[in-house]
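J.: Mind having a look at this structure? Questions to follow.
The values are calculated or read from the model by the stated rules, or taken from the named source; none is laboratory data. Small disclaimer: the values here were computed from a predicted structure and weren't measured. Quick reminder, even Gly has a Cβ in these numbers, built from the backbone with ideal geometry, and neighbours come from all protein chains shown. With ligands, DNA and RNA removed, areas are computed over all heavy atoms of the protein, side chains included. Shrake-Rupley method; radii C 1.70, N 1.55, O 1.52, S 1.80 Å.
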Amino acid sequence: MKNPNRLSICLSPAPGESFTSYVTRLAADLHVSTLTILDRTGAIDAEEARFLSSGYGIVLHPQRLSSFARVTGLSSTRVEMMLLSHYDGRCFDLGNLDLFSTPSLHRVAARQWAYFSGSHVCPHCLTETGGVWNLSWKLPWSFVCPKHECLLVAFCPGCRRRIGVNRQDRGSRPKFADLIPDPLCCMNACASGEAQVGRAAAPCLTRYDTVPTLSVAAWPEAIRVQHQLNLLMSMNPSNSEKGAPLYEFNELRSLCALLLYAAVLEDFESLHFGFCDAFQKVLTEREICLAAADQWVNLRRRGAHTHVYTGVPTSPVLMAGLTCAAISICPPDGASVEIERLHTLVERSVERCHGSKYVRRLPRLFSFSPRLQTAFDTCLPQQSSVWGGWTPPPQKSQPRMIPLEARHVPQLFWKDTFDTTFVQLLPFMKKDYAQRFCSMALIKTLEQCSWAEAARFLELPAKAGAAMASRAFRFLQPEVKAVFLYKLQEIAIGAMCPFSVTMIDYQQRRHDFSQLSAINPDTWKRLCREADCSPGKRDGKARFAAAWLWSFLTGGDYRLAPALNREPQSQQWEQYQRFRTTSLNELVGPLERYAQSLVPTL
């Protein structure tokens, strides 16, 4: 990687400005192309479009970010604040993003609802700032300009294309990057039939500062909600309850998807004339999909019973109406869910799903939070519950929200919580099997899945685990079932928290220690010296100590430990039980300290 010199003319970024906007303005001031600026600042290796990385403006490699900051005279922190990854952990989760894969960009953008390619824009703000594009305009949660009380603009009136959209065939790389850009002009290709295509194509160059806007002065609710979302987007997760902003935006996304799936115009209280037109297009598309699904059913062919709205809408007025309705159902301040309004949506969803058999899939498809899942189950007919007719009683008040996910659940349920809450409900089961059953039941509550899917998620034998859990659940008496499910919901929504300080990603732990089949001989001898005991025979106590260590670190069942993955397994389990009874007590202290060295966060 080259080491470029500092630019002779530096530009100060505006508050809230995006990285792509800053690069465009800098190129325009220096009268050079976008590629030239990126090359001179070390953001790319050469002045060619093929060297532009996928996900332009989303994230930068640390070395390139450091080079860009040094050449432009900015701090690395300031450059990071201009990238879309600034909202990672606040408005969306980029944990599964692969910048070297264009399909990964498309999948994450659709799933997390972010405009990796394209942007909204306020023409009045562009005119006042001379072409500064806000980073928040690349989020669907920015749909109104509170300063000018107008809707943001999403499409260019000249080329009739999405504003700021990048090349889909090149991993969201900018279009016409070899030309001198103008931050006030559209850099999309001209409309079809108005210019040549391919290498001879020309940019649209429609001036954004002349684009008309729609006033929302008569829609005060949209302005109020936009102020509320702006405050939520500016929150620092480290200074608030862990994951709170991300948790709130995930709930809004889930409810907006449910509204797109089942709502009608009567479900929205205050309407803007532009929203009516936008939502009518949604209704038309929905009827076409529903008719197609009915045709497949009549032909006795297997087809999708639902049309899942996971892609983010690009219409600001549509997002304004959906978000206002979603916040009225589930306020982001921790207030209780409006059951009556949600009940109407659930009834429409049951009708769209051709009955209540398939409606229980919606919470998983729309990634409902535990709070929404509890409210959704309350509104469902009893026979449609994932628990086969047993719906937990609703919470009287909404407790502190903790975003518990399935990956935070161990194979064996947390011992302290099990002993105080569930052990008296399951006297007919052995303790380790009962802990398995409780973990699978919690996964089933969080993910709304089958017993077999819950077992597979915990990496337990699917067939045997499903049979055991199903049989154990049938044995529970009706009043015990109600208490059992109620306690699970308390844990799912955070009313009864089994975590001391932080939540552990047990799924990642199982992956990290999947090869822990033995302890290094030198380490084992040191541990034995600390415990003042004999190391024993080769491949003896050390292997069983490795099995205990794996179970301690991953919260897993010792029967599935890599160290005991030998034949005959029944003999291995018997020998492990003997080790745990005779030798473990003196080795617990050194083994726990060794585990602390492997995972410092214990």
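J.: Exactly one of (1) surrounded by fewer than 20 Cβ atoms within 10 Å (Cβ to Cβ); (2) at pLDDT below 85; (3) of a type outside the set (Phe, Trp, Tyr) is unmet by residue 166. Its number?
T.: For residue 166, the failing item is (1).
J.: How about region 116-128: which of its residues are under 15 Å from residue 57 (Cβ atoms), in contact with a Lys or Arg (Cβ under 9 Å, 6 or more places away or on another chain) and modelled with pLDDT of 90 or more?
T.: Answer for region 116-128, where residues must be under 15 Å from residue 57 (Cβ atoms), in contact with a Lys or Arg (Cβ under 9 Å, 6 or more places away or on another chain) and modelled with pLDDT of 90 or more: 119, 120.
J.: Then there is this: Out of curiosity, is residue 55 on the phi > 0 side of the Ramachandran plot and modelled with pLDDT of 85 or more?
T.: When the stated conditions are applied, residue 55 does not pass them.
J.: Residue 397: at pLDDT below 90, of a type in the set (Gly, Ala, Ser) and closer than 15 Å to residue 492 by Cα, yes or no?
T.: Here the answer is yes, as residue 397 does meet what is asked.
J.: Here's another thing I want to ask about it. Looking only at helices (runs of 4 or more DSSP H) that fall completely inside region 511-602, which ones have 2 or more residues that are open to solvent by 20 Å² or more (accessible area, probe 1.4 Å), free of Cβ contacts under 8 Å to residues at least 12 places away in the same chain and farther than 30 Å from residue 456 by Cα?
T.: Hits in region 511-602: 521-531, 569-582, 584-598.
J.: Search region 258-312 for residues being polar (S, T, N, Q) and modelled with pLDDT of 85 or more, and hand back the single one that is nearest to residue 326 (Cα to Cα).
T.: The initial filter retains those residues of region 258-312 that are polar (S, T, N, Q), namely 270, 280, 284, 295, 298, 306, 310.
Filter once more, keeping what is modelled with pLDDT of 85 or more: 280, 284.
On the way: 280: 18, 284: 21 Å.
The qualifying residue nearest to residue 326 (Cα to Cα) is 280.
J.: Here's a follow-up. For region 213-233, what are the residues that are open to solvent by less than 10 Å² (accessible area, probe 1.4 Å) and touching a Pro at 6+ places or on another chain (Cβ under 6 Å)?
T.: 226 - this is the single residue of region 213-233 that is open to solvent by less than 10 Å² (accessible area, probe 1.4 Å) and touching a Pro at 6+ places or on another chain (Cβ under 6 Å).
J.: Looking at region 129-143, can you tell me whether even one residue there is surrounded by fewer than 19 Cβ atoms within 10 Å (Cβ to Cβ), at negative phi and either of a type in the set (Phe, Trp, Tyr) or at pLDDT 90 or above (or both)?
T.: Yes, region 129-143 contains a residue that is surrounded by fewer than 19 Cβ atoms within 10 Å (Cβ to Cβ), at negative phi and either of a type in the set (Phe, Trp, Tyr) or at pLDDT 90 or above (or both).
J.: Out of all the residues in region 426-437, which are open to solvent by 30 Å² or more (accessible area, probe 1.4 Å) and in contact with a helix residue (DSSP H, G or I) (Cβ under 7 Å, 6 or more places away or on another chain)?
T.: Scanning region 426-437 gives 428, 429, 433.
J.: Somewhere in region 437-444, is a residue within 20 Å of residue 505 (Cα to Cα) and either touching a Lys or Arg at 6+ places or on another chain (Cβ under 8 Å) or among the polar types (S, T, N, Q) (or both)? Walk me through it before giving the result.
T.: So in region 437-444, the residues within 20 Å of residue 505 (Cα to Cα) come out as 437-444.
Cutting the leftovers down to either touching a Lys or Arg at 6+ places or on another chain (Cβ under 8 Å) or among the polar types (S, T, N, Q) (or both) gives us 439.
Yes; the residues of region 437-444 include at least one that is within 20 Å of residue 505 (Cα to Cα) and either touching a Lys or Arg at 6+ places or on another chain (Cβ under 8 Å) or among the polar types (S, T, N, Q) (or both).
J.: Then there's this: Could you grab me the full set of residues in region 454-480 that are buried (at least 18 other Cβ atoms within 10 Å of the Cβ) and assigned to a helix (DSSP H, G or I)?
T.: Once the filter is applied, which keeps residues that are buried (at least 18 other Cβ atoms within 10 Å of the Cβ) and assigned to a helix (DSSP H, G or I), region 454-480 yields 454, 455, 457, 465, 466, 468, 469, 472, 473.
J.: Turning to a different aspect of this structure: Check whether at least one residue in region 490-504 is in contact with a Phe, Trp or Tyr (Cβ under 7 Å, 6 or more places away or on another chain) and modelled with pLDDT of 80 or more, and report yes or no.
T.: no
J.: Looking at (1) in a helix (DSSP H, G or I); (2) modelled with pLDDT of 90 or more, can you tell me which one residue 213 breaks?
T.: Unmet for residue 213, out of (1) in a helix (DSSP H, G or I); (2) modelled with pLDDT of 90 or more: (1).
J.: Which of the residues that make up region 56-78 are open to solvent by less than 20 Å² (accessible area, probe 1.4 Å) and more than 30 Å from residue 332 (Cα to Cα)?
T.: Residues of region 56-78 open to solvent by less than 20 Å² (accessible area, probe 1.4 Å): 57-58, 65, 67-69, 71-72.
Residues satisfying the conditions are 65, 67, 68, 69, 71, 72.
J.: Next question, about the same structure. Just to be sure, is residue 110 under 30 Å from residue 219 (Cα atoms), open to solvent by 30 Å² or more (accessible area, probe 1.4 Å) and among the small types (Gly, Ala, Ser)?
T.: yes
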